[in-house]
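> Dumping the structure here so I can ask a few things about it.
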Amino acid sequence: MAIKEDRFIKTVVDGGGFSDSRMEIYVDKKTGVNYLFAQAGYAGGLCVLVDRDGKPIVSPLPVED
């Protein structure tokens, strides 16, 4: 049986309220890489956040809960 670990931290939440769309930013606690999750209705997607040079945005480690 696999051990469950909380690898990602939700750092920013935008949306909700009266609309059916929202955006959240998650940070990987092992690598520091930032991901954007966007949801609208029943559709959603996840992608790596990158800087202007196309390199992943990385938060300093350790990332706190």
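The values are calculated or read from the model by the stated rules, or taken from the named source; none is laboratory data. Values in this document were obtained by computation on a predicted structure and should not be read as measured data. Glycine also receives a Cβ, built like all others from the backbone with ideal geometry; neighbour counts cover every protein chain displayed.
> Taking into account only those residues within the stretch 13-65 that are of a type in the set (Ser, Thr, Tyr) and surrounded by 14 or more Cβ atoms within 10 Å (Cβ to Cβ), which is modelled with the lowest pLDDT?
Taking the stretch 13-65 first, the residues of a type in the set (Ser, Thr, Tyr) are 19, 21, 26, 31, 35, 42, 59.
Now drop any that are not surrounded by 14 or more Cβ atoms within 10 Å (Cβ to Cβ), which leaves 21, 26, 35, 59.
Working: Ser21: 84, Tyr26: 94, Tyr35: 96, Ser59: 92.
Among those residues, the one meeting the criterion is Ser21.
> Taking only pairs six or more apart or across chains, which ones have beta-carbon atoms under 8 Å, a first residue in the stretch 47-65 that is without any contact (Cβ under 8 Å) to a residue 12 or more places away in the chain, and a second residue that is part of a loop (DSSP other than H, G, I, E, B)?
Final answer for the pair search is Val50/Ile57; Asp51/Ile57.
> Continuing with the same structure: Can you give me the number of residues within the stretch 9-65 that are touching a Leu at 6+ places or on another chain (Cβ under 9 Å) and part of a loop (DSSP other than H, G, I, E, B)?
6
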